[in-house]
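Here is the structure we will look at, set down as structure tokens.
The values are calculated or read from the model by the stated rules, or taken from the named source; none is laboratory data. Computed from a prediction, not measured in an experiment: that's the story for all the values here. Every residue, glycine as well, gets a Cβ built from its backbone with ideal geometry; the counts of neighbours run over all protein chains shown. Heavy atoms of the whole protein, side chains included, go into the accessibility calculation; ligands, DNA and RNA do not. Shrake-Rupley method; radii C 1.70, N 1.55, O 1.52, S 1.80 Å.
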Amino acid sequence: MTADGKLIRLFPVPFRLIRDDQQFKKWQWISAQIYKANDDRRPESHKIYVDTIALDGAPLSTARDWEVRRREISKLPLFTDFAELDRQREADGITLGLVRPSKVLGLDITAVDQAEWTDEELRKLVQHQQQAGLFDDDDARAFQTLRKLPFAFHYRYECEVGGETRSYRHKIADWEIGALYWNCRNRHKANWERPLREKIEQKLPSADLMFLMGTIHRFPDQWLIVSLIYPPRSRTDPPFQGEFVL
């Protein structure tokens, strides 16, 4: 997000090209020169001049129940219903937005068709990343060592609108759920699902869970949960509701 509270999309950000003194973390302000992505019609999509990145202070503190982080989040429009966000896409073309569900129903875990990369998938992925400027010829070999997630993860949730309950289901594309899966798999082996569900179905919804949602470039009417934001719940937040089958 920008300092004045606008969501933008920056890509690609080739982390290997960023100097040590430019390495930034989540929740950290940076300054950089950016420009509109010519090959992406989504209005928030921009590209970044990597060599102009400068850090603006330390990552925002989590002290006092995320006081500083909440102050920045409060600058963003917050939708209490996904359908309202999608109407804004149709009316104004926005493709990024923050949604607060009223109730999390559960997590769907679905095995993907191919648990390993096929040769054709690798070819297309490497080609795409090279065209985007993220990888060069030497990096293409390393790309093949990246593990493919064998499962897709979807949140089922509800939004309350004027006494009406509306149900939705969206895929979680946040890289953190992939990292969580591999951590649970490494620590708990065949019993990985229970700790993963405890985190995604119980711990996160018990906080003030919000979905940062974005559309897919090739399919502009399809939304994903691109990031999960979960400040600690304050006294003024609505009570947590959840239904879980473990």
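Annotations for the structure displayed:
- Taken over region 93-104, residues that are out of contact with any helix residue (DSSP H, G or I) (no Cβ under 6 Å at 6 or more places or on another chain) and open to solvent by 30 Å² or more (accessible area, probe 1.4 Å) amount to 3.
- Test: ILE109 is closer than 22 Å to SER167 by Cα, in contact with a helix residue (DSSP H, G or I) (Cβ under 9 Å, 6 or more places away or on another chain) and open to solvent by less than 70 Å² (accessible area, probe 1.4 Å): yes
- From ALA132, ALA179, residue being at negative phi, modelled with pLDDT under 95 and exposed (fewer than 12 other Cβ atoms within 10 Å of the Cβ): ALA179
- Conditions (1) open to solvent by less than 60 Å² (accessible area, probe 1.4 Å); (2) over 21 Å from LYS148 (Cα atoms); number of the one not met by CYS184: (2)
- Among all residues of region 82-89, there is none that is over 17 Å from ILE229 (Cβ atoms), polar (S, T, N, Q) and at pLDDT below 95.
- Single residue of LEU98, LEU78 found to be closer than 30 Å to ARG156 by Cβ, in contact with a Phe, Trp or Tyr (Cβ under 7 Å, 6 or more places away or on another chain) and not charged (D, E, K, R): LEU98
- GLU90 of a type outside the set (Phe, Trp, Tyr) and open to solvent by 50 Å² or more (accessible area, probe 1.4 Å): yes
- Close pairs from region 66-94: first in contact (Cβ under 8 Å) with a residue 12 or more places away in the chain, partner among the aliphatic types (A, V, I, L, M), Cβ under 6 Å, at least 6 apart: ARG69/LEU60; LEU76/LEU98; LEU78/LEU98; PHE79/LEU85; PHE79/VAL99; ASP81/VAL161; PHE82/VAL99; LEU85/VAL99
- Taking residues in region 210-229 that are in contact (Cβ under 8 Å) with a residue 24 or more places away in the chain and of a type in the set (Ser, Thr, Tyr), and partners anywhere that are in a strand (DSSP E or B) and open to solvent by less than 60 Å² (accessible area, probe 1.4 Å), the pairs with Cβ atoms closer than 6 Å and at least 6 places apart or on different chains are THR215/TRP223; SER227/LEU212.
- One residue from ASP20, ASP40 being farther than 14 Å from LEU212 by Cα, open to solvent by less than 70 Å² (accessible area, probe 1.4 Å), charged (D, E, K, R) and at pLDDT below 95: ASP40
- Hits in region 62-74 (condition: surrounded by fewer than 13 Cβ atoms within 10 Å (Cβ to Cβ) and not in a helix (DSSP H, G or I)): SER74
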